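**Q** Here it is, the structure in full.
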Amino acid sequence: MKEFAVFWGCTIQARFPFLEKSVRTVMEGMGLPYRDLSGFTCCPEKSLVNNVDHGLWLLTGARNVALAEAEGLNIVSPCTGCVSNLSTVKSELNADPRKKGEVNALLNGVGRRFEGRAGLSHLVPFFHDEVGAQRIRSAMKKDFKGMRVAVHYGCHMMRPSHALKNDDPLEPKKFDNLVRTLGAESVDHSTKLMCCGQGLDRVDQHDTALHMARLKLRELKNRAVDAMVLCCPSCFLQFDNNQHLMEKEGERFGVPVFYFTDLMGLAMGYTADELGLGLHRVDAGPFLKKWEEVSSRPSSRTAFEEEMRAVTFAMDRL
Amino acid sequence: MLDGVLNFDLLDKCSKCGACFDVCPSCLNIEGYDPRAVIKDILAGQSGRWASSIHVWQCLECHQCLEMCYQHYGFENAMTAMRLYATAKGMHPPQVKRGWDMFVKTGRLGEPAAAGRKKLGLPEPGESGKEEFLKLLKLYREAKKGSQAQ
Ligand code: SF4
Ligand code: SF4
(Lines give C-alpha, C1' and ligand atoms only; values in the text may rest on other atoms or scores of the structure.)
(Ligands and ions follow the chains in the order given, each with its own letter.)
Protein backbone atom coordinates (compact mmCIF):
# COMPACT_ATOMS: atom_id res chain seq x y z
CA MET A 1 0.00 0.00 0.00
CA LYS A 2 1.19 3.49 -0.91
CA GLU A 3 2.06 5.85 1.92
CA PHE A 4 -0.62 8.47 2.64
CA ALA A 5 -1.04 11.68 4.66
CA VAL A 6 -3.66 11.89 7.39
CA PHE A 7 -5.71 15.06 7.50
CA TRP A 8 -7.00 15.24 11.07
CA GLY A 9 -8.88 18.53 10.83
CA CYS A 10 -9.50 21.04 13.62
CA THR A 11 -12.35 19.37 15.48
CA ILE A 12 -10.73 16.02 16.21
CA GLN A 13 -7.45 17.52 17.38
CA ALA A 14 -9.00 20.35 19.37
CA ARG A 15 -11.98 18.62 20.92
CA PHE A 16 -11.65 14.87 20.61
CA PRO A 17 -8.05 13.74 20.98
CA PHE A 18 -9.38 10.34 22.05
CA LEU A 19 -10.83 9.87 18.57
CA GLU A 20 -7.39 10.56 17.16
CA LYS A 21 -6.05 7.97 19.55
CA SER A 22 -8.57 5.42 18.36
CA VAL A 23 -7.77 6.05 14.69
CA ARG A 24 -4.00 5.94 15.26
CA THR A 25 -4.22 2.78 17.33
CA VAL A 26 -6.06 0.94 14.58
CA MET A 27 -3.91 2.27 11.74
CA GLU A 28 -0.74 1.33 13.60
CA GLY A 29 -2.12 -2.04 14.63
CA MET A 30 -2.78 -2.79 10.99
CA GLY A 31 0.56 -1.44 9.87
CA LEU A 32 -0.95 1.15 7.53
CA PRO A 33 1.75 3.46 6.12
CA TYR A 34 0.43 6.85 7.23
CA ARG A 35 2.32 10.05 7.72
CA ASP A 36 1.65 13.23 9.70
CA LEU A 37 2.35 16.30 7.61
CA SER A 38 3.13 19.74 8.98
CA GLY A 39 1.46 22.87 7.73
CA PHE A 40 -2.19 21.90 7.29
CA THR A 41 -4.73 24.52 8.31
CA CYS A 42 -8.50 24.21 8.69
CA CYS A 43 -9.83 22.37 5.60
CA PRO A 44 -11.68 25.02 5.66
CA GLU A 45 -15.02 24.38 7.22
CA LYS A 46 -17.95 25.22 4.99
CA SER A 47 -20.55 26.94 7.12
CA LEU A 48 -18.12 29.29 8.85
CA VAL A 49 -15.78 30.12 5.98
CA ASN A 50 -17.55 29.45 2.69
CA ASN A 51 -20.58 31.40 3.86
CA VAL A 52 -18.39 34.43 4.34
CA ASP A 53 -15.85 34.23 1.52
CA HIS A 54 -16.00 31.59 -1.19
CA GLY A 55 -12.68 32.65 -2.72
CA LEU A 56 -10.76 32.20 0.50
CA TRP A 57 -12.46 28.87 1.04
CA LEU A 58 -11.18 27.66 -2.34
CA LEU A 59 -7.72 29.04 -1.80
CA THR A 60 -7.26 27.53 1.65
CA GLY A 61 -8.53 24.13 0.53
CA ALA A 62 -6.23 24.20 -2.50
CA ARG A 63 -3.25 25.01 -0.30
CA ASN A 64 -3.94 22.02 1.93
CA VAL A 65 -4.15 19.69 -1.06
CA ALA A 66 -0.97 21.26 -2.49
CA LEU A 67 0.89 20.37 0.72
CA ALA A 68 0.19 16.68 0.20
CA GLU A 69 0.86 16.92 -3.53
CA ALA A 70 4.30 18.37 -2.88
CA GLU A 71 5.12 15.14 -1.04
CA GLY A 72 3.47 12.97 -3.66
CA LEU A 73 0.93 11.73 -1.10
CA ASN A 74 -2.79 11.11 -1.16
CA ILE A 75 -4.89 12.29 1.75
CA VAL A 76 -7.04 10.15 4.04
CA SER A 77 -9.17 11.82 6.70
CA PRO A 78 -11.24 10.51 9.60
CA CYS A 79 -13.49 13.60 9.26
CA THR A 80 -16.28 13.62 6.67
CA GLY A 81 -16.41 17.43 6.61
CA CYS A 82 -12.72 17.77 5.77
CA VAL A 83 -12.87 15.22 2.95
CA SER A 84 -16.02 16.70 1.51
CA ASN A 85 -14.65 20.25 1.62
CA LEU A 86 -11.28 19.37 0.14
CA SER A 87 -12.93 17.26 -2.56
CA THR A 88 -15.42 19.97 -3.45
CA VAL A 89 -12.62 22.52 -3.76
CA LYS A 90 -10.64 20.10 -5.91
CA SER A 91 -13.54 19.33 -8.22
CA GLU A 92 -14.55 23.00 -8.57
CA LEU A 93 -11.00 24.01 -9.49
CA ASN A 94 -10.39 21.07 -11.81
CA ALA A 95 -13.59 21.94 -13.66
CA ASP A 96 -12.57 25.58 -14.12
CA PRO A 97 -9.05 26.15 -15.45
CA ARG A 98 -9.37 29.92 -15.17
CA LYS A 99 -10.17 29.74 -11.46
CA LYS A 100 -7.46 27.16 -10.97
CA GLY A 101 -5.02 29.55 -12.63
CA GLU A 102 -6.04 32.39 -10.31
CA VAL A 103 -5.62 30.15 -7.28
CA ASN A 104 -2.21 29.00 -8.44
CA ALA A 105 -1.07 32.55 -9.13
CA LEU A 106 -1.74 33.31 -5.45
CA LEU A 107 -0.30 30.03 -4.17
CA ASN A 108 2.82 30.74 -6.14
CA GLY A 109 3.42 33.68 -3.80
CA VAL A 110 3.95 31.20 -0.95
CA GLY A 111 5.80 28.64 -3.04
CA ARG A 112 2.90 26.21 -3.49
CA ARG A 113 1.18 24.68 -6.44
CA PHE A 114 -2.22 22.98 -6.62
CA GLU A 115 -2.24 20.25 -9.26
CA GLY A 116 -5.62 18.78 -8.38
CA ARG A 117 -4.31 15.26 -8.63
CA ALA A 118 -4.01 13.96 -5.07
CA GLY A 119 -6.51 11.30 -4.08
CA LEU A 120 -8.74 12.39 -1.19
CA SER A 121 -10.51 9.69 0.79
CA HIS A 122 -12.52 9.40 3.91
CA LEU A 123 -11.34 6.70 6.29
CA VAL A 124 -14.43 4.48 5.86
CA PRO A 125 -14.40 4.14 2.05
CA PHE A 126 -10.61 3.90 2.34
CA PHE A 127 -10.91 0.89 4.65
CA HIS A 128 -13.53 -0.58 2.36
CA ASP A 129 -11.69 -0.09 -0.92
CA GLU A 130 -8.00 0.02 -0.08
CA VAL A 131 -7.58 -2.03 3.08
CA GLY A 132 -10.29 -4.51 2.19
CA ALA A 133 -12.35 -7.09 4.05
CA GLN A 134 -9.71 -9.77 3.92
CA ARG A 135 -7.03 -7.74 5.63
CA ILE A 136 -9.56 -6.48 8.16
CA ARG A 137 -10.66 -10.03 8.98
CA SER A 138 -7.15 -11.28 9.42
CA ALA A 139 -6.49 -8.46 11.92
CA MET A 140 -9.55 -9.37 14.00
CA LYS A 141 -9.34 -11.46 17.16
CA LYS A 142 -13.05 -11.29 17.97
CA ASP A 143 -16.17 -10.36 16.09
CA PHE A 144 -19.46 -8.68 16.96
CA LYS A 145 -21.84 -11.55 16.18
CA GLY A 146 -25.08 -10.98 18.00
CA MET A 147 -24.58 -7.22 18.35
CA ARG A 148 -27.06 -4.81 16.76
CA VAL A 149 -25.47 -1.64 15.52
CA ALA A 150 -26.97 1.37 13.73
CA VAL A 151 -24.74 2.82 11.04
CA HIS A 152 -24.79 6.59 10.68
CA TYR A 153 -22.98 7.59 7.50
CA GLY A 154 -22.92 11.35 7.94
CA CYS A 155 -23.82 13.43 4.88
CA HIS A 156 -20.35 14.43 3.85
CA MET A 157 -18.88 10.96 3.65
CA MET A 158 -20.37 10.58 0.16
CA ARG A 159 -22.03 13.89 -0.69
CA PRO A 160 -21.75 15.89 -2.85
CA SER A 161 -21.25 12.86 -5.07
CA HIS A 162 -19.86 14.75 -8.06
CA ALA A 163 -16.88 15.62 -5.85
CA LEU A 164 -16.54 12.48 -3.72
CA LYS A 165 -17.49 9.75 -6.20
CA ASN A 166 -17.08 7.00 -3.63
CA ASP A 167 -20.48 5.42 -2.97
CA ASP A 168 -24.14 5.78 -3.87
CA PRO A 169 -25.01 9.21 -2.41
CA LEU A 170 -28.59 8.26 -1.58
CA GLU A 171 -28.13 4.57 -0.83
CA PRO A 172 -24.55 4.05 0.33
CA LYS A 173 -23.31 0.56 1.18
CA LYS A 174 -19.67 0.70 2.20
CA PHE A 175 -20.02 1.52 5.89
CA ASP A 176 -22.66 -1.21 6.26
CA ASN A 177 -20.33 -3.66 4.56
CA LEU A 178 -17.55 -2.85 7.00
CA VAL A 179 -19.80 -3.24 10.02
CA ARG A 180 -20.92 -6.61 8.69
CA THR A 181 -17.31 -7.55 8.10
CA LEU A 182 -16.84 -6.98 11.81
CA GLY A 183 -19.67 -9.42 12.36
CA ALA A 184 -22.30 -7.03 13.69
CA GLU A 185 -25.83 -6.67 12.38
CA SER A 186 -26.35 -3.33 10.65
CA VAL A 187 -29.82 -2.40 11.86
CA ASP A 188 -31.95 -0.66 9.28
CA HIS A 189 -33.72 2.50 10.40
CA SER A 190 -35.61 5.28 8.69
CA THR A 191 -33.33 8.10 9.88
CA LYS A 192 -30.20 6.28 8.74
CA LEU A 193 -29.26 8.85 6.10
CA MET A 194 -30.71 11.84 7.84
CA CYS A 195 -28.32 14.69 8.51
CA CYS A 196 -27.17 14.73 12.14
CA GLY A 197 -28.12 18.40 12.40
CA GLN A 198 -24.96 19.47 14.22
CA GLY A 199 -24.53 22.37 11.79
CA LEU A 200 -27.29 24.15 13.69
CA ASP A 201 -25.08 24.29 16.75
CA ARG A 202 -22.59 26.31 14.73
CA VAL A 203 -25.11 29.02 13.90
CA ASP A 204 -26.48 29.66 17.40
CA GLN A 205 -29.44 27.30 17.10
CA HIS A 206 -28.73 24.83 19.86
CA ASP A 207 -32.33 23.91 20.58
CA THR A 208 -33.01 23.07 16.95
CA ALA A 209 -29.80 21.02 16.92
CA LEU A 210 -31.10 19.04 19.90
CA HIS A 211 -34.45 18.58 18.18
CA MET A 212 -32.68 16.97 15.20
CA ALA A 213 -30.55 14.73 17.43
CA ARG A 214 -33.64 13.62 19.28
CA LEU A 215 -35.39 12.42 16.11
CA LYS A 216 -32.70 9.88 15.45
CA LEU A 217 -31.96 8.91 19.03
CA ARG A 218 -35.63 8.23 19.69
CA GLU A 219 -35.83 5.89 16.74
CA LEU A 220 -32.66 4.08 17.77
CA LYS A 221 -33.93 3.68 21.28
CA ASN A 222 -37.17 2.18 19.95
CA ARG A 223 -35.27 -0.17 17.69
CA ALA A 224 -33.26 -1.27 20.74
CA VAL A 225 -29.90 -1.06 19.02
CA ASP A 226 -26.83 -1.81 21.12
CA ALA A 227 -24.94 1.21 19.76
CA MET A 228 -24.57 3.54 16.87
CA VAL A 229 -21.41 3.82 14.81
CA LEU A 230 -20.25 6.85 12.85
CA CYS A 231 -17.03 8.37 11.58
CA CYS A 232 -17.28 12.15 11.76
CA PRO A 233 -16.39 14.45 14.67
CA SER A 234 -19.42 16.68 14.02
CA CYS A 235 -21.82 13.75 14.10
CA PHE A 236 -19.99 12.52 17.19
CA LEU A 237 -20.48 15.89 18.88
CA GLN A 238 -24.14 15.78 18.01
CA PHE A 239 -24.89 12.27 19.19
CA ASP A 240 -22.45 11.83 22.06
CA ASN A 241 -22.21 15.28 23.66
CA ASN A 242 -25.72 16.41 22.85
CA GLN A 243 -27.24 13.08 23.86
CA HIS A 244 -25.42 13.46 27.15
CA LEU A 245 -26.79 16.99 27.58
CA MET A 246 -30.32 15.76 27.01
CA GLU A 247 -29.81 12.85 29.38
CA LYS A 248 -28.71 15.29 32.06
CA GLU A 249 -32.03 17.04 31.57
CA GLY A 250 -33.81 13.75 32.17
CA GLU A 251 -34.39 12.49 28.63
CA ARG A 252 -32.98 8.99 28.48
CA PHE A 253 -31.83 7.36 25.25
CA GLY A 254 -28.93 5.13 26.28
CA VAL A 255 -27.39 4.79 22.82
CA PRO A 256 -23.59 4.40 23.05
CA VAL A 257 -21.78 6.16 20.21
CA PHE A 258 -18.71 4.63 18.60
CA TYR A 259 -16.26 5.80 16.02
CA PHE A 260 -15.66 3.27 13.26
CA THR A 261 -12.15 2.65 14.56
CA ASP A 262 -13.50 2.01 18.08
CA LEU A 263 -15.34 -1.08 16.85
CA MET A 264 -12.47 -2.05 14.61
CA GLY A 265 -10.02 -1.67 17.52
CA LEU A 266 -12.16 -3.70 19.93
CA ALA A 267 -12.37 -6.47 17.35
CA MET A 268 -8.58 -6.36 17.01
CA GLY A 269 -8.30 -6.97 20.75
CA TYR A 270 -7.51 -3.47 22.03
CA THR A 271 -9.09 -2.58 25.33
CA ALA A 272 -11.71 0.13 25.87
CA ASP A 273 -8.99 2.10 27.64
CA GLU A 274 -6.53 1.88 24.81
CA LEU A 275 -9.20 3.27 22.51
CA GLY A 276 -10.19 6.09 24.85
CA LEU A 277 -13.77 4.86 25.18
CA GLY A 278 -13.94 6.09 28.76
CA LEU A 279 -13.81 9.64 27.44
CA HIS A 280 -17.07 9.33 25.53
CA ARG A 281 -19.88 11.11 27.35
CA VAL A 282 -22.46 8.39 26.81
CA ASP A 283 -21.51 5.27 28.72
CA ALA A 284 -20.23 2.52 26.43
CA GLY A 285 -20.46 0.05 29.36
CA PRO A 286 -23.79 -1.61 28.46
CA PHE A 287 -22.53 -2.37 24.97
CA LEU A 288 -19.29 -3.86 26.24
CA LYS A 289 -21.12 -5.91 28.84
CA LYS A 290 -23.56 -7.36 26.35
CA TRP A 291 -20.74 -8.06 23.94
CA GLU A 292 -18.92 -10.04 26.57
CA GLU A 293 -22.04 -12.05 27.37
CA VAL A 294 -22.85 -12.70 23.73
CA SER A 295 -19.35 -13.71 22.79
CA SER A 296 -18.97 -16.10 25.71
CA ARG A 297 -22.18 -17.89 24.70
CA PRO A 298 -21.60 -20.78 22.29
CA SER A 299 -22.60 -19.64 18.83
CA SER A 300 -25.90 -20.90 17.47
CA ARG A 301 -23.94 -22.93 14.95
CA THR A 302 -21.98 -24.75 17.63
CA ALA A 303 -25.14 -25.32 19.62
CA PHE A 304 -26.88 -26.75 16.56
CA GLU A 305 -23.98 -29.02 15.73
CA GLU A 306 -23.86 -30.31 19.26
CA GLU A 307 -27.54 -31.05 19.24
CA MET A 308 -27.20 -32.88 15.93
CA ARG A 309 -24.38 -34.94 17.33
CA ALA A 310 -26.47 -35.84 20.34
CA VAL A 311 -29.41 -36.83 18.15
CA THR A 312 -27.29 -38.94 15.77
CA PHE A 313 -25.68 -40.60 18.75
CA ALA A 314 -29.09 -41.45 20.16
CA MET A 315 -30.21 -42.81 16.80
CA ASP A 316 -27.10 -44.95 16.52
CA ARG A 317 -28.03 -46.66 19.75
CA LEU A 318 -31.52 -47.58 18.64
CA MET B 1 -27.70 41.23 -7.02
CA LEU B 2 -27.66 37.46 -6.76
CA ASP B 3 -27.34 36.76 -10.47
CA GLY B 4 -23.56 36.55 -10.19
CA VAL B 5 -23.81 33.55 -7.92
CA LEU B 6 -27.07 31.95 -8.99
CA ASN B 7 -28.25 30.44 -12.24
CA PHE B 8 -31.68 31.97 -12.73
CA ASP B 9 -32.71 29.58 -15.51
CA LEU B 10 -32.21 26.63 -13.22
CA LEU B 11 -33.91 28.45 -10.38
CA ASP B 12 -36.88 29.14 -12.59
CA LYS B 13 -37.29 25.43 -13.32
CA CYS B 14 -36.74 24.76 -9.65
CA SER B 15 -39.63 27.03 -8.72
CA LYS B 16 -41.92 24.79 -10.80
CA CYS B 17 -40.63 21.54 -9.32
CA GLY B 18 -40.32 21.28 -5.55
CA ALA B 19 -39.48 17.58 -5.62
CA CYS B 20 -36.68 17.69 -3.11
CA PHE B 21 -38.81 19.21 -0.38
CA ASP B 22 -39.59 15.70 0.81
CA VAL B 23 -35.97 14.66 1.23
CA CYS B 24 -34.81 17.86 2.91
CA PRO B 25 -34.33 17.21 6.64
CA SER B 26 -34.88 20.86 7.50
CA CYS B 27 -38.06 21.15 5.40
CA LEU B 28 -39.43 18.08 7.10
CA ASN B 29 -38.45 18.90 10.66
CA ILE B 30 -38.01 22.62 11.18
CA GLU B 31 -41.09 24.74 11.28
CA GLY B 32 -41.13 27.57 8.77
CA TYR B 33 -38.12 26.34 6.80
CA ASP B 34 -39.04 26.36 3.11
CA PRO B 35 -36.52 27.17 0.35
CA ARG B 36 -39.40 27.21 -2.16
CA ALA B 37 -40.55 30.51 -0.68
CA VAL B 38 -37.02 31.88 -0.74
CA ILE B 39 -36.57 30.92 -4.38
CA LYS B 40 -39.88 32.52 -5.30
CA ASP B 41 -38.74 35.75 -3.72
CA ILE B 42 -35.31 35.60 -5.35
CA LEU B 43 -36.99 35.26 -8.75
CA ALA B 44 -39.28 38.16 -7.94
CA GLY B 45 -36.33 40.34 -6.91
CA GLN B 46 -37.47 40.27 -3.29
CA SER B 47 -34.64 38.25 -1.78
CA GLY B 48 -33.65 41.07 0.57
CA ARG B 49 -36.41 40.18 2.98
CA TRP B 50 -34.67 36.89 3.80
CA ALA B 51 -31.32 38.42 4.75
CA SER B 52 -32.25 38.70 8.40
CA SER B 53 -34.18 35.45 8.56
CA ILE B 54 -33.03 32.68 10.85
CA HIS B 55 -34.19 30.20 8.19
CA VAL B 56 -31.33 30.85 5.78
CA TRP B 57 -29.01 29.46 8.47
CA GLN B 58 -31.07 26.32 8.90
CA CYS B 59 -29.93 24.77 5.64
CA LEU B 60 -27.68 21.95 6.88
CA GLU B 61 -25.67 21.75 3.66
CA CYS B 62 -26.43 18.05 3.68
CA HIS B 63 -26.70 17.98 -0.15
CA GLN B 64 -29.76 15.72 -0.15
CA CYS B 65 -31.54 18.19 -2.43
CA LEU B 66 -28.55 18.38 -4.75
CA GLU B 67 -28.38 14.61 -5.14
CA MET B 68 -32.08 14.21 -5.72
CA CYS B 69 -32.32 17.13 -8.16
CA TYR B 70 -32.74 16.37 -11.86
CA GLN B 71 -30.71 19.52 -12.54
CA HIS B 72 -28.08 18.58 -9.93
CA TYR B 73 -28.67 22.06 -8.64
CA GLY B 74 -30.57 21.95 -5.42
CA PHE B 75 -32.28 24.26 -2.93
CA GLU B 76 -28.91 24.60 -1.29
CA ASN B 77 -27.57 26.91 -4.00
CA ALA B 78 -30.28 29.43 -3.25
CA MET B 79 -29.74 29.10 0.49
CA THR B 80 -25.96 29.45 0.21
CA ALA B 81 -26.37 32.58 -1.92
CA MET B 82 -28.71 34.02 0.72
CA ARG B 83 -26.18 33.31 3.46
CA LEU B 84 -23.41 35.04 1.52
CA TYR B 85 -25.76 37.98 1.01
CA ALA B 86 -26.71 38.10 4.71
CA THR B 87 -23.04 37.93 5.66
CA ALA B 88 -22.13 40.74 3.28
CA LYS B 89 -24.75 42.81 5.12
CA GLY B 90 -23.22 41.84 8.45
CA MET B 91 -26.32 39.90 9.46
CA HIS B 92 -24.69 36.53 10.10
CA PRO B 93 -25.02 34.84 13.50
CA PRO B 94 -22.47 35.82 16.20
CA GLN B 95 -21.03 32.31 16.21
CA VAL B 96 -20.24 32.51 12.51
CA LYS B 97 -18.54 35.84 13.15
CA ARG B 98 -16.46 34.33 15.94
CA GLY B 99 -15.53 31.31 13.84
CA TRP B 100 -14.51 33.51 10.95
CA ASP B 101 -12.39 35.77 13.18
CA MET B 102 -10.55 32.80 14.59
CA PHE B 103 -10.02 31.35 11.14
CA VAL B 104 -8.49 34.50 9.65
CA LYS B 105 -6.26 34.94 12.70
CA THR B 106 -4.98 31.40 13.10
CA GLY B 107 -5.93 29.44 9.99
CA ARG B 108 -7.77 27.03 12.26
CA LEU B 109 -11.04 26.74 14.13
CA GLY B 110 -9.39 25.48 17.30
CA GLU B 111 -5.91 24.60 18.49
CA PRO B 112 -4.95 21.00 19.31
CA ALA B 113 -5.82 20.15 22.92
CA ALA B 114 -2.31 19.92 24.37
CA ALA B 115 -3.10 18.51 27.82
CA GLY B 116 -5.60 15.91 26.63
CA ARG B 117 -3.28 14.78 23.88
CA LYS B 118 -0.39 14.34 26.27
CA LYS B 119 -2.48 12.29 28.65
CA LEU B 120 -3.39 9.95 25.82
CA GLY B 121 0.23 9.62 24.76
CA LEU B 122 -0.43 11.19 21.34
CA PRO B 123 2.54 12.57 19.40
CA GLU B 124 3.08 16.31 19.03
CA PRO B 125 0.60 17.56 16.43
CA GLY B 126 2.00 18.59 13.06
CA GLU B 127 3.15 22.20 12.99
CA SER B 128 0.40 24.64 12.08
CA GLY B 129 0.53 26.34 8.69
CA LYS B 130 -0.43 29.63 10.28
CA GLU B 131 2.50 31.76 9.01
CA GLU B 132 2.12 30.66 5.42
CA PHE B 133 -1.64 30.93 5.61
CA LEU B 134 -1.48 34.52 6.86
CA LYS B 135 0.88 35.42 4.07
CA LEU B 136 -1.45 33.86 1.53
CA LEU B 137 -4.42 35.66 3.06
CA LYS B 138 -2.60 38.97 2.64
CA LEU B 139 -1.91 38.22 -1.02
CA TYR B 140 -5.54 37.24 -1.49
CA ARG B 141 -6.83 40.44 0.07
CA GLU B 142 -4.53 42.56 -2.04
CA ALA B 143 -5.60 40.76 -5.21
CA LYS B 144 -9.24 41.20 -4.25
CA LYS B 145 -8.80 44.90 -3.64
CA GLY B 146 -6.99 45.20 -6.98
CA SER B 147 -9.78 43.52 -8.91
CA GLN B 148 -12.45 45.57 -7.15
CA ALA B 149 -10.60 48.77 -8.02
CA GLN B 150 -10.57 47.86 -11.69
S1 SF4 C 1 -28.74 21.07 1.69
FE2 SF4 C 1 -30.14 22.43 2.81
S3 SF4 C 1 -31.90 22.70 1.48
FE4 SF4 C 1 -30.75 20.95 0.69
S5 SF4 C 1 -31.72 19.16 1.61
FE6 SF4 C 1 -30.03 19.76 2.96
S7 SF4 C 1 -30.96 21.14 4.47
FE8 SF4 C 1 -32.37 20.97 2.74
S1 SF4 D 1 -33.63 21.85 -6.28
FE2 SF4 D 1 -33.96 20.47 -8.00
S3 SF4 D 1 -35.26 18.83 -7.17
FE4 SF4 D 1 -35.33 20.53 -5.73
S5 SF4 D 1 -37.13 21.69 -6.33
FE6 SF4 D 1 -35.39 22.61 -7.37
S7 SF4 D 1 -35.32 21.61 -9.35
FE8 SF4 D 1 -36.61 20.35 -8.05
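**Q** Which net charge results for the neighbourhood of residue A:199, defined as the other residues with beta-carbon distances under 9 angstrom from its beta-carbon, given Lys and Arg at +1 and Asp and Glu at -1? Mind dumping the intermediate values first?
**A** Values: positive: A:46, A:202; negative: A:201, B:61.
Local net charge: 0.
**Q** While we're here: Would you mind checking the pairs A:2/B:135; A:46/A:90; A:142/A:174; A:100/B:135; B:89/B:138 and listing those with alpha carbons more than 25 angstrom apart? Before the final figure, lay out each step's value.
**A** Values: A:2/B:135 32 Å; A:46/A:90 14 Å; A:142/A:174 21 Å; A:100/B:135 19 Å; B:89/B:138 23 Å.
Distance filter (> 25 Å) returns A:2/B:135.
**Q** Could you compute how much accessible surface residue A:244 exposes when probed at 1.4 Å, giving the result in Å² to the nearest 10?
**A** We get 50 Å² for residue A:244.
**Q** How many angstrom lie between the Cα centre of the stretch A:50-65 and the Cα centre of the stretch B:4-72?
**A** Here the two parts' Cα centres lie 24 Å apart.
**Q** Further, regarding this structure: Going by amide H atoms built from the backbone, whose H comes under 5 Å of the H on residue A:187, apart from near neighbours?
**A** Correct list: A:149, A:150, A:151.
**Q** Ordering B:68, A:246 by accessible area with a probe of 1.4 Å, largest first, what comes out? Write out the running numbers ahead of the final one.
**A** Numbers: B:68 80, A:246 5 Å².
Reading off the accessible areas and sorting them downward yields B:68, A:246.
**Q** Helix-derived [θ] at 222 nm for the protein assembly as shown: sum -39500 (n - 2.57) over DSSP H runs of at least 4, divide by residue count, nearest 500? Provide the component values of the computation, followed by the final result.
**A** Values: 23 runs with 233 residues, N = 468.
The per-residue figure over the protein assembly as shown is -14500 deg cm²/dmol.
**Q** What is the stretch B:94-149 by shape, rounded, prolate or oblate, if you read a ≥ b ≥ c off the alpha carbon gyration tensor as root eigenvalues and call it rounded for a/c under 1.5, prolate for a/b larger than b/c, and oblate otherwise? Spell out each step's value before the answer.
**A** Details: a/c = 6.74, a/b = 2.13, b/c = 3.16.
Because a/c hits 1.5 or more and a/b fails to exceed b/c, the stretch B:94-149 counts as oblate.
**Q** Provide the solvent-accessible area of residue A:15, counting protein heavy atoms only and rolling a 1.4 Å probe, rounded to the nearest 10 Å².
**A** 130
**Q** Please turn the phi angles of the stretch A:192-200 into ³J(HN,Hα) values with the Karplus equation 6.51 cos²θ - 1.76 cosθ + 1.60 (θ = phi - 60°), one per residue in order, whole Hz, x for glycine and proline.
**A** 3, 9, 6, 4, 5, x, 4, x, 5
**Q** Take the alpha carbon gyration tensor of the stretch A:133-317, find the square roots of its eigenvalues, order them as a ≥ b ≥ c, and report rounded if a/c is under 1.5; if not, report prolate when a/b exceeds b/c, else oblate. Let's see the in-between values first.
**A** Details: a/c = 2.22, a/b = 1.76, b/c = 1.26.
Since a/c reaches 1.5 and a/b is larger than b/c, the shape of the stretch A:133-317 is classed as prolate.
**Q** Mind jotting down the distance between the C-alpha centroids of the stretch A:183-209 and the stretch A:18-33, whole Å?
**A** Spelled out, the Cα-based centre of one part sits 26 Å from the other.
**Q** Would you please name the GluC sites (Glu not before Pro) within the stretch B:45-138 that are DSSP coil residues with at most 15 other C-beta atoms within 10 Å of their C-beta?
**A** Values: sites: B:61, B:67, B:76, B:127, B:131, B:132; in loops: B:61, B:127.
Loop-located and lightly packed - B:127.
**Q** Compute the Cα gyration tensor for the stretch B:8-88, then decide on rounded, prolate or oblate, letting a ≥ b ≥ c be the square roots of its eigenvalues: rounded whenever a/c is under 1.5, prolate when a/b is larger than b/c in the other cases, and oblate in all that remain. Write down the numbers at each step before the final one.
**A** Details: a/c = 1.61, a/b = 1.17, b/c = 1.38.
Oblate is the answer for the stretch B:8-88, as a/c is 1.5 or above yet b/c matches or exceeds a/b.
**Q** Still on this model: Expressed as a whole number of Å, what is the distance separating the alpha-carbon centroids of the stretch B:127-150 and the stretch A:218-297?
**A** Their Cα centres are 43 Å away from one another.
**Q** Karplus couplings for the stretch B:31-39 from phi (6.51 cos²θ - 1.76 cosθ + 1.60, θ = phi - 60°), rounded to Hz, Gly and Pro as x?
**A** 4, x, 7, 7, x, 4, 5, 5, 5
**Q** Same structure again: Using a 10 angstrom cutoff on alpha carbons, build the Gaussian network for chain A and name the most mobile of A:216, A:46, A:141.
**A** Among A:216, A:46, A:141, the largest mean-square fluctuation in the Gaussian network model of chain A belongs to A:141.
**Q** Might you work out the accessible area of residue B:17 for me, using a 1.4 Å probe with all protein chains in place, and round it to the nearest 10 Å²?
**A** Result for residue B:17: roughly 70 Å² accessible.
**Q** Follow-up. Please determine, in degrees from 0 to 90 and to the nearest 10, the orientation of helix A:80-94 with respect to the longest principal axis defined by the Cα atoms of chain A, where the helix direction is its Cα long axis.
**A** 40
**Q** A follow-up question, please. Sum up the charges of everything whose Cβ sits under 14 Å from the Cβ of residue B:142, counting Lys and Arg as +1 and Asp and Glu as -1, but leave residue B:142 out. Before the final figure, lay out the partial values.
**A** Details: positive: B:135, B:138, B:141, B:144, B:145; negative: A:102.
In short, +4.
**Q** Using only Cα atoms, tell me the angle between helix B:75-88 and the longest principal axis of chain B; keep it within 0 to 90° and round to the nearest 10.
**A** With rounding to tens, the tilt is 60 degrees.
**Q** Sorted by accessible area (1.4 Å probe), largest first, how do B:50, A:291 line up? Numbers along the way, then the final one.
**A** Numbers: B:50 40, A:291 15 Å².
Final ranking, largest accessible area leading: B:50, A:291.
The values are calculated or read from the model by the stated rules, or taken from the named source; none is laboratory data. Values in this document were obtained by computation on a predicted structure and should not be read as measured data. Glycine gets a Cβ as well: all are built from the backbone with ideal geometry, and neighbour counts include every protein chain shown. Heavy atoms of the whole protein, side chains included, go into the accessibility calculation; ligands, DNA and RNA do not. Shrake-Rupley method; radii C 1.70, N 1.55, O 1.52, S 1.80 Å.
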